[in-house]
Amino acid sequence: MSNVRNVALDVLIDIERKRAYSNLSLHHVIETNELSAQDVALLTELVYGTIQRRDTLDYYLQPFIKGNIEPWVRLLLRMSLYQMIYLDRIPDRAVLFEAVEIAKRRGHRGIASLVNGILRSVQRQGLRSLDDIKDESERLAIATSHPLWLVRRWIEQFGFDETKRMCEVNNFPPEQTARVNVMRATVEEVIDRLKEEGIEAIPSSVVPIGTKITKGNAAKTSVFREGLITIQDESSMLVAYALSPNETDVVLDCCAAPGGKTTHIAERMNNRGRVVALDIHDHKVKLIEQQAKRLGLSNIEAKQLDSRQAHTQFAAETFDRILVDAPCSGLGVIRRKPEIKYAKNEKDITQLANVQLNILRAVAPLLKRGGTLVYSTCTVDREENEQVIAQFLAEHPEYDRDETLASRLPSSVASYVDRGMLQLLPHHVYSDGFFIATLKKKGEMT
């Protein structure tokens with residue numbers, strides 16, 4: 001158990017110092033350490049929980065910390081207090097003992113004494129009340145551990161109640177979902193096969209071809225290796241429904257890596273037609289090719305190319321359908337990457353909105369008349385979503401909103417569509433926060 005906490009502290013230090021992604025750091029240490037399934041569960045809980053609740057934990061710790069302390073000591077205190085507050089099954093005496101032992105090994109007796117003193121003081125005196133924070137927005141920000149600028153921004157965009165629900169759900173543990181490759185198996189067959197490998201899964205309530213993993217890791221199974229499933233969030237699966245390609249189409253996927261949406265599009269085309277998948281990084285293009293091979297798809301052509309330069313390699317009106325799954329702030333995937341909420345700022349959002357708009361401008365001439373363009377992001381911010389679309393349409397009178405989007409989407413999300421745009425917030429169907437807009441180019445397709 002002590003080893004697990006040591007490893008968890010290493011991951012937290014890695015994330016804080018190097019700005020590493022929590023999911024990638026966790027994956028690395030799980031792969032390189034011999035940990036039982038129970039240890040992996042605790043490790044994941046400690047890392048995600050400590051990051052998710054960072055500002056709340058600091059609020060509770062602040063009265064007990066005098067002067068400066070080393071960053072790793074603060075992380076140890078956060079991780080220990082997280083267990084004391086949020087993990088009922090671990091007794092406080094065990095948390096205190098392990099924290100002191102780690103402090104001794106990593107520091108010296110003085111640091112161990114400091115850690116012991118702070119945690120015992122918290123235990124003895126209790127936590128200060130959040131009601132001491134009089135400003136409603138600030139109280140919500142601290143209670144749910146979201147930056148105040150972000151909470152105020154969301155309140156302005158969505159109202160207080162929606163923001164509160166979104167912030168609360170962002171602290172729920174992420175769930176693993178998988179898309180079934182219906183060219184090779186049915187949802188029921190996949191669930192049965194997974195059960196044989198000790199993985200429990202149920203049909204998705206959001207997407208007909210999806211499954212929700214309730215126990216185990218489906219990515220470690222022969223079902224995954226044989227190309228029967230792809231690990232993908234349910235909201236991301238909706239993109240191929242929105243695009244709705246035909247078997248004879250030529251499709252452009254502009255920012256395609258690692259290939260989840262690309263391969264879904266190719267599967268929807270029954271491995272016919274042609275899907276051109278672009279990514280700016282060569283090593284990411286290889287990821288698309290690996291996914292296509294695993295799934296048995298031969299209609300994908302992956303190329304290294306900045307999609308803003310796509311016009312240098314493709315003639316105008318080449319494609320029947322175009323997907324722009326744009327680089328974004330990722331504020332819809334805070335459940336999976338909780339450190340994102342602390343790393344971003346308003347300037348980042350404005351810069352990303354400019355990149356997104358430039359990609360749309362660059363690829364707009366490549367779509368055939370009568371063709372469909374889908375724009376998607378895994379964020380909830382209106383500057384990156386609705387405002388980008390409004391600006392693009394103002395500049396491109398040859399494009400219209402596609403008001404038929406709802407008819408192509410599963411009934412679970414159709415009611416959230418407005419004027420050819422879908423904005424899912426994390427609490428709507430308990431998926432990632434996600435945005436999809438569909439546009440039509442005027443004229444008859446030739």
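The values are calculated or read from the model by the stated rules, or taken from the named source; none is laboratory data. Keep in mind the model is a prediction, meaning the values are calculated, not measured. Every residue, glycine as well, gets a Cβ built from its backbone with ideal geometry; the counts of neighbours run over all protein chains shown. Keep in mind that these areas ignore ligands, DNA and RNA; they rest on the heavy atoms of the full protein, side chains included. Shrake-Rupley method; radii C 1.70, N 1.55, O 1.52, S 1.80 Å.
Count the DSSP beta bridges whose two residues both fall in the chain, then state the antiparallel fraction as a percent rounded to the nearest 5.
Around 60 percent antiparallel, to the nearest 5.
From Cα pairs below 8 angstrom and at least 6 apart in sequence, can you work out the relative contact order of segment 4-125, rounded to a whole percent?
Once divided by the residue count of segment 4-125, the mean separation gives 24 percent.
For segment 162-291, what does the alpha-carbon gyration tensor say about shape, rounded, prolate or oblate, given a ≥ b ≥ c as the root eigenvalues, a/c under 1.5 as rounded, and a/b over b/c as prolate?
Verdict is oblate for segment 162-291.
Give me the 1.4 Å probe accessible area per residue for the chain, excluding ligands and nucleic acids, in Å².
Spelled out: the 1.4 Å probe surface of the chain, per residue, equals 44 Å².
Report, in listed order, any pair from Lys347/Lys441; Lys212/Lys261; Lys261/Lys303; Lys195/Lys220; Lys286/Lys341; Lys195/Lys293 with a Cα-Cα distance greater than 20 Å.
Checking Cα-Cα distances, Lys347/Lys441; Lys286/Lys341; Lys195/Lys293 exceed 20 Å.
Within segment 1-74, list the GluC sites (Glu not before Pro) lying in a DSSP loop whose Cβ has at most 13 other Cβ atoms in a 10 Å radius.
Taking segment 1-74 and a limit of 13 other Cβ atoms within 10 Å, the loop GluC sites (Glu not before Pro) found are Glu34.
How many angstrom separate the Cα center of segment 247-306 from the Cα center of segment 327-368?
Centre-to-centre distance over Cα atoms comes out at 21 Å.
Just want the answer: with Cβ charges of +1 for Lys and Arg and -1 for Asp and Glu, which residue in Gly420, Tyr399, Ile199 is farthest toward the dipole's positive end in the chain?
Comparing the listed Cα positions along the dipole, Ile199 ranks first.
GluC sites (Glu not before Pro), restricted to segment 329-436: which are DSSP loop and have at most 15 other Cβ atoms within 10 Å?
Glu398, Glu403
For the chain, what is the relative contact order in percent, using Cα pairs closer than 8 Å and at least 6 residues apart in sequence?
Taking the mean separation of contacting Cα pairs over the length of the chain, I get 12 percent.
Quick one: Debye curve from the alpha-carbon atoms of the chain only, equal weights, vacuum; give me log10 I(q)/I(0) at q = 0.07, 0.10 Å⁻¹ to two decimals.
Once normalised to I(0) and log-transformed, intensities are -0.39, -0.78.
Please report the relative contact order for segment 382-446, taking Cα pairs under 8 Å with a sequence separation of at least 6, and give it as a percent rounded to a whole number.
With pairs under 8 Å counted, the relative contact order is 31 percent.
Could you work out what % of the accessible surface of the chain is carbon and sulfur, using a 1.4 angstrom probe and leaving DNA, RNA and ligands out of the count?
Carbon and sulfur atoms account for 48 percent of the accessible area of the chain.
Out of all DSSP beta bridges with both ends in segment 162-315, state the antiparallel percent to the nearest 5.
Roughly 55 percent of the DSSP beta bridges within segment 162-315 come out antiparallel.
What does the charge count near Leu96 come to, summing +1 for each Lys or Arg and -1 for each Asp or Glu among other residues with Cβ under 14 Å from its Cβ?
+2
With n ≥ 4 as the cut-off for DSSP H runs, can you work out [θ] at 222 nm for the chain, using -39500 (n - 2.57) per run divided by the number of residues, rounded to the nearest 500?
Dividing the helical sum by the residues of the chain leaves -14500 deg cm²/dmol.
Find the centroid of the Cα atoms in segment 120-151 and in segment 388-411, then give the distance between the two in whole Å.
Cα centroid of segment 120-151 versus Cα centroid of segment 388-411: 41 Å apart.
Within a Cβ distance under 13 Å of Val206, other residues only, what is the Lys/Arg minus Asp/Glu net charge?
Summing Lys and Arg as +1 and Asp and Glu as -1 gives -2.
Around Ala20, with a cut-off of 12 angstrom between Cβ atoms, what is the net charge of the other residues, counting Lys and Arg +1 and Asp and Glu -1?
Around Ala20, the surrounding residues sum to 0.
Can you check how the C-alpha radius of gyration of segment 296-442 compares to 2.2 N^0.38 Å, as a plain ratio?
1.07
Can you list which of the DSSP-assigned H helices in the chain have a Cα extent of 18 Å or more along the long axis and an average Kyte-Doolittle score of at least -1.0?
2-18, 37-52, 71-86, 92-106, 109-125, 346-363
Compute the distance from the alpha-carbon center of segment 167-187 to that of segment 74-95, in whole Å.
Between the Cα centre of segment 167-187 and that of segment 74-95, the gap is 30 Å.
List the lysines whose Cα lies under 23 Å from the Cα of Lys442, skipping any in the same chain that are fewer than 8 positions away.
By straight Cα distance, Lys442 reaches Lys368.
Given charges of +1 on the Cβ of Lys and Arg and -1 on the Cβ of Asp and Glu, with all other atoms neutral, how large is the dipole of segment 235-441 about its Cα centre, in debye to the nearest 20?
That gives segment 235-441 a dipole magnitude of about 420 debye.
Hey, what D do you get for segment 4-125 in µm²/s if you plug the Kirkwood alpha-carbon radius into Stokes-Einstein at 20 °C and 1.002 mPa s?
147 µm²/s
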